[in-house]
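Novice: Input: one structure, supplied below.
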């Protein structure tokens, strides 16, 4: 890391911790809430934590910087608006404050998942999984807890719902973080993330308990736990190690759980219309809609993967199997009765040199087509490179020899190219898999020796040992 950037990172990180410590010191000396410590210092520390996450070192996934920085900024903005409302009695901030706090959870959940798992290319499925888990699990859990919570909290059902949504979100965040921490290699990075999330979640739970019993004093010293949690998570981005490769299966199971909870909420709404307030159904419908979109992306992702896998095993010029696919099939041949055929064209180099590579490419395409028509459907034809081909034929050695002569016969009549008519021959080495001692290397070497023997003596087809 360049020295100048390292100094900037250290300044931002240190400033956030120093300002939070200054806020705590002032509140210990002057316990009454005041604009400078509570509105300015407290929220400035949170916003500096957001900046530290945004400006983290380059070895992190850039999506970690974006999501955690944005999540911390949203929380800091919500805190600033909430504190300003307390001091100045402003009435147009509550909805915006709740929106900032609510968006904090899915954004930060996504960032922590990226920060604690091995770096990989981001996929649409991952975004959908995060949204479904964050929206479905947290909102549905809060919805099912709404009835008992209404007995303890004052206010409308929406106010009570939001009051319990935040700690439910904290519990979901803490559960995901703890699960990944237990499965990953322990490091300072993962420990700081877990410690930061724990401090933040515990602070929220303390706030909930105090608020439920009407004992929460504005500007409580415990509030510093929120910002301390953000600072610890931001600090984790400046350390390496401990990333865990989370499987898509785990993420899929979590999305299924969220979908089930949303479906249960809709069933309850139909069978017991007065049990859940109507606004609870909004996240249910959104979760189900996201699940259907995810399904479409999953199908497309699978199709793209299959296409890419097929391309990686196909020769780009001729469309037949490539060397990678051939070697995979050769592994199967060593466990079955069959034969390996190596083919090398006779006279191809002269055509390539005299007429150019375009003519050579046309010839290879036509030869591949003729070879493909001469082999059984359960056999494999592959271009191994240049003008060398490989064929794997299952069955007896006599059957393999028949195929070899059939392949040789396909090149006995001329090829019509744009530059004119040309002729080539083919030399074939055939090795039957009759020895359990064969390996990929030994059977290829034996077939290669036989092929060059066929080329030298002009016989066309030679069997190897």
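Novice: Restricted to region 31-49, and to residues that are loosely packed, with under 15 Cβ neighbours inside 10 Å and at pLDDT below 90, which residue is farthest from residue 87 (Cα to Cα)? Even if it seems obvious, please write down each step before you answer.
Specialist: Filtering region 31-49 down to residues loosely packed, with under 15 Cβ neighbours inside 10 Å leaves 31-32, 35-36.
Then keep just the ones that are at pLDDT below 90; that gives 31-32.
On the way: 31: 16, 32: 12 Å.
Taking the candidates together, the pick is 31.
Novice: While we're here: Go through (1) at pLDDT below 70; (2) surrounded by 12 or more Cβ atoms within 10 Å (Cβ to Cβ); (3) outside any loop (DSSP other than H, G, I, E, B) for residue 311 and report which single condition fails.
Specialist: (2)
Novice: For region 11-30, how many residues are surrounded by 15 or more Cβ atoms within 10 Å (Cβ to Cβ) and more than 17 Å from residue 226 (Cα to Cα)?
Specialist: Final tally of qualifying residues: 2.
Novice: Could you list, in sequence order, all residues of region 168-190 that are out of contact with any helix residue (DSSP H, G or I) (no Cβ under 8 Å at 6 or more places or on another chain) and either touching a residue at least 12 places away in the same chain (Cβ under 8 Å) or not assigned by TED's automatic domain parsing to the domain that holds residue 75 (or both)?
Specialist: Narrowing region 168-190 to residues out of contact with any helix residue (DSSP H, G or I) (no Cβ under 8 Å at 6 or more places or on another chain): 175, 179, 182-183, 185-187.
Scanning region 168-190 gives 183, 185, 186, 187.
Novice: Return the residue satisfying two criteria in turn: it lies in region 411-423 and is buried (at least 17 other Cβ atoms within 10 Å of the Cβ) and in contact with a strand residue (DSSP E or B) (Cβ under 8 Å, 6 or more places away or on another chain), and of such residues it is farthest from residue 341 (Cα to Cα). Let's see the steps before the verdict.
Specialist: Taking region 411-423 and keeping what is buried (at least 17 other Cβ atoms within 10 Å of the Cβ), we get 411, 415, 417, 422.
Narrowing the set further to residues that are in contact with a strand residue (DSSP E or B) (Cβ under 8 Å, 6 or more places away or on another chain) leaves 411, 415, 422.
Values: 411: 16, 415: 23, 422: 24 Å.
Here the residue is 422.
Novice: Could you tell me how many of the residues in region 204-225 are modelled with pLDDT under 90, outside any loop (DSSP other than H, G, I, E, B) and over 17 Å from residue 109 (Cα atoms)?
Specialist: Total satisfying the criteria: 10.
Novice: If you go through region 425-435 one residue at a time, do you hit one that is touching a residue at least 24 places away in the same chain (Cβ under 8 Å), assigned to a loop (DSSP other than H, G, I, E, B), in the same structural domain as residue 362 (by TED's automatic domain parsing) and surrounded by 14 or more Cβ atoms within 10 Å (Cβ to Cβ)?
Specialist: Pass one, region 425-435, residues touching a residue at least 24 places away in the same chain (Cβ under 8 Å): 425-434.
Still in the running and assigned to a loop (DSSP other than H, G, I, E, B): 433-434.
Within this subset, residues satisfying the condition of being in the same structural domain as residue 362 (by TED's automatic domain parsing) are 433-434.
Then drop every residue that is not surrounded by 14 or more Cβ atoms within 10 Å (Cβ to Cβ), which leaves 433.
Checked against the condition, which is being touching a residue at least 24 places away in the same chain (Cβ under 8 Å), assigned to a loop (DSSP other than H, G, I, E, B), in the same structural domain as residue 362 (by TED's automatic domain parsing) and surrounded by 14 or more Cβ atoms within 10 Å (Cβ to Cβ), region 425-435 yields at least one hit.
Novice: Look through 67, 102 and report the one residue that is crowded, with 16+ Cβ neighbours inside 10 Å, closer than 17 Å to residue 229 by Cβ and under 36 Å from the mean Cα position of the chain (by Cα).
Specialist: Values: 102 fails: closer than 17 Å to residue 229 by Cβ.
After ruling out the rest, the residue left standing is 67.
Novice: Then there's this: Quick one: which of 151, 146 is buried (at least 18 other Cβ atoms within 10 Å of the Cβ), at pLDDT below 65 and over 19 Å from residue 53 (Cβ atoms)?
Specialist: 146
Novice: Might you check whether a residue that is in a loop (DSSP other than H, G, I, E, B) and either at pLDDT below 90 or surrounded by fewer than 18 Cβ atoms within 10 Å (Cβ to Cβ) (or both) occurs anywhere in region 355-371?
Specialist: Of the residues in region 355-371, the ones in a loop (DSSP other than H, G, I, E, B) are 356.
Next cut, either at pLDDT below 90 or surrounded by fewer than 18 Cβ atoms within 10 Å (Cβ to Cβ) (or both) only: 356.
Scanning region 355-371, I find at least one residue that is in a loop (DSSP other than H, G, I, E, B) and either at pLDDT below 90 or surrounded by fewer than 18 Cβ atoms within 10 Å (Cβ to Cβ) (or both), so the answer is yes.
Novice: Keeping to region 445-465, report how many residues are in a helix (DSSP H, G or I) and surrounded by fewer than 20 Cβ atoms within 10 Å (Cβ to Cβ). Steps first, answer last, please.
Specialist: We begin by selecting, within region 445-465, every residue in a helix (DSSP H, G or I); these are 445-457.
The next check asks that each one be surrounded by fewer than 20 Cβ atoms within 10 Å (Cβ to Cβ); those that pass are 445, 448-449, 452-453, 455-457.
The total comes to 8.
Novice: Among (1) touching a helix residue (DSSP H, G or I) at 6+ places or on another chain (Cβ under 7 Å); (2) more than 17 Å from residue 455 (Cβ to Cβ), where does residue 344 come up short?
Specialist: Here residue 344 meets the rest and fails (2).
Novice: Still on this structure: Identify the residue in region 372-396 that is more than 37 Å from the chain's Cα centre (by Cα), touching a residue at least 40 places away in the same chain (Cβ under 8 Å) and surrounded by fewer than 23 Cβ atoms within 10 Å (Cβ to Cβ) and, among all such residues, is nearest to residue 406 (Cα to Cα).
Specialist: 372
The values are calculated or read from the model by the stated rules, or taken from the named source; none is laboratory data. Owing to the predicted nature of the structure, the values given are computational and were not obtained by experimental measurement. Positions of Cβ are backbone-derived with ideal geometry, glycine not excepted, and every protein chain shown enters the neighbour counts.
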